[in-house]
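**Q** Quick one: structure below, then a few questions.
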Amino acid sequence: MSEAFIFSLVKNSSSIYRKLLITLPVLILALTDWLVPSTSAWGDEGHRYVNLVAAEKLPSAMPAFFKNAAARLSFLGPEPDRWRDQRELFNALREVNAPDHFIDIDKPEDFQALPNDRYKYADWLRAKGKDPKDVGFLPYAILEGYQKIQVLFRLWRDPQQAAERDQIEQNIIYYAGVVGHYVADGAQPLHTTIHYNGWSTSLNPDIFTREPLHWRFEGEYVRAQIKPEDFRELVKPAQPLQDPFSDTMKFLFDSYNQVEQLYRMDKTARWEANNRNTESKRFVAGRLAAGSQMLANLWYTAWLNSVR
């Protein structure tokens, strides 16, 4: 099978391309780097930054052990990509984990009243003739992570669990760091669309690039041009969410609404390591700040809602 043929499939079918990424890792390794970039939102650095800045914005009401865990929380930001990207394993972990990193909401009107249950959502998609693995489970990865933290904070508060409080604290930090990864994915516009690595449909009136740009944007550019201080001041102190799932969907819709702007900016200042355009930096800083803000709010809400 020639590389030209593979590229033709990639350009014309985001579903086929995503399946190549998930189910044909041997083939992926044989392709050139420009053809199949990494699809880890924000790369290692961006995920660490989002968790770190979120930890800095927590109120004094949060337990000290959690507020003092910023370094560990930051390290855990890329954790789900560590599970997924060990390509030599080629096992069930990658297959089951990959759809948690994205959701294609290119028809927002279809996603206005989703069930807050992963399996009911999957049934709903199948009834519409869609494969849930192709559409993605990102909001459910966030919701389930939030609920794990809430349960653990509840155990931490329980006097009957005092003897094992140290163990519970470690679990809280771990799951809080991991859910941060999915929140950061949600702040990356390319994780909310079928156009996640080049414009993928025949209808392209703005003549957006069809070439891979996912890693150029979130990996090469962020690594070279962004530091936590570039967006730290954009993040406000954590505030409680009204409804974690509904607020998660609003957060994802906001990210999706930035997709065309991201592509438009690539036309004027290409997303790559040497892009020093001020507007490019402001755009990425805003998205990373949105991730940190949502994450800080989510952690704080889990703490507040852990009261029996």
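Residues are listed down the side, and each one gets a yes or a no for (1) modelled with pLDDT under 95; (2) touching a strand residue (DSSP E or B) at 6+ places or on another chain (Cβ under 6 Å); (3) under 21 Å from Ser60 (Cα atoms):
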site: Pro212; (1), (2), (3): no, yes, no
site: Arg223; (1), (2), (3): no, no, no
site: Ala238; (1), (2), (3): no, no, yes
site: Phe251; (1), (2), (3): no, no, no
site: Glu260; (1), (2), (3): no, no, no
site: Arg264; (1), (2), (3): no, no, no
site: Phe283; (1), (2), (3): no, no, no
site: Trp299; (1), (2), (3): no, no, yes
site: Arg308; (1), (2), (3): yes, no, yes
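**Q** Which pairs have Cβ atoms under 8 Å, sit 6 or more apart or on different chains, and link a residue in region 223-247 that is free of Cβ contacts under 8 Å to residues at least 60 places away in the same chain to one that is part of a loop (DSSP other than H, G, I, E, B) and among the small types (Gly, Ala, Ser)?
**A** Sorted first by the residue in region 223-247, then by its partner, the pairs are Ala224/Ala273; Gln225/Ala273.
**Q** Residues that are in contact (Cβ under 8 Å) with a residue 40 or more places away in the chain and within 23 Å of Asp254 (Cβ to Cβ): which helices (runs of 4 or more DSSP H) entirely in region 77-180 hold 3 or more of them?
**A** 138-157
**Q** Moving to a separate point now. Are there any pairs, at least 6 apart or on different chains, whose C-beta atoms fall under 8 Å, with the first in region 187-213 and part of a strand (DSSP E or B) and the second of a type in the set (Phe, Trp, Tyr), and if so, which?
**A** Short answer, once both residue conditions are applied: Tyr196/Phe102.
**Q** Look at region 173-203 and say how many of its residues are closer than 15 Å to Glu144 by Cα and among the hydroxyl-bearing types (Ser, Thr, Tyr).
**A** 3
**Q** Now a separate question. Being surrounded by 18 or more Cβ atoms within 10 Å (Cβ to Cβ), outside any helix (DSSP H, G or I) and hydrophobic (A, V, I, L, M, F, W, C) is true for just one of Leu58, Leu52. Which residue is that?
**A** So the residue among Leu58, Leu52 that is surrounded by 18 or more Cβ atoms within 10 Å (Cβ to Cβ), outside any helix (DSSP H, G or I) and hydrophobic (A, V, I, L, M, F, W, C) is Leu58.
**Q** Failed condition for Gln242, given (1) under 28 Å from Glu56 (Cα atoms); (2) in contact with a helix residue (DSSP H, G or I) (Cβ under 8 Å, 6 or more places away or on another chain); (3) part of a loop (DSSP other than H, G, I, E, B), with all others met?
**A** Just one mismatch for Gln242, condition (2).
**Q** Need the failing condition index for Leu288 against (1) surrounded by fewer than 22 Cβ atoms within 10 Å (Cβ to Cβ); (2) within 30 Å of Met62 (Cβ to Cβ); (3) of a type in the set (A, V, I, L, M, F, W, C), just the number.
**A** Here Leu288 clears every test but (1).
**Q** I'm checking my understanding of the structure. Among residues of region 188-197 that are out of contact with any strand residue (DSSP E or B) (no Cβ under 7 Å at 6 or more places or on another chain) and within 21 Å of Asp131 (Cβ to Cβ), which one is surrounded by the fewest Cβ atoms within 10 Å (Cβ to Cβ)? So that I can check it myself, show each step before the final result.
**A** Taking region 188-197 first, the residues out of contact with any strand residue (DSSP E or B) (no Cβ under 7 Å at 6 or more places or on another chain) are 188-189, 191-197.
Those left that are additionally within 21 Å of Asp131 (Cβ to Cβ): 191-197.
Working: His191: 27, Thr192: 29, Thr193: 23, Ile194: 20, His195: 24, Tyr196: 23, Asn197: 25.
Here the residue is Ile194.
**Q** Working carefully through the options Phe111, Phe102, Phe90, find the one that is modelled with pLDDT of 95 or more and among the hydrophobic types (A, V, I, L, M, F, W, C).
**A** None of the other options fit; the residue is Phe102.
The values are calculated or read from the model by the stated rules, or taken from the named source; none is laboratory data. Please read these numbers as outputs of a predicted model, since none were measured by experiment. As a convention, Cβ positions derive from the backbone with ideal geometry for all residues, glycine included, and neighbour counts pool all protein chains shown.
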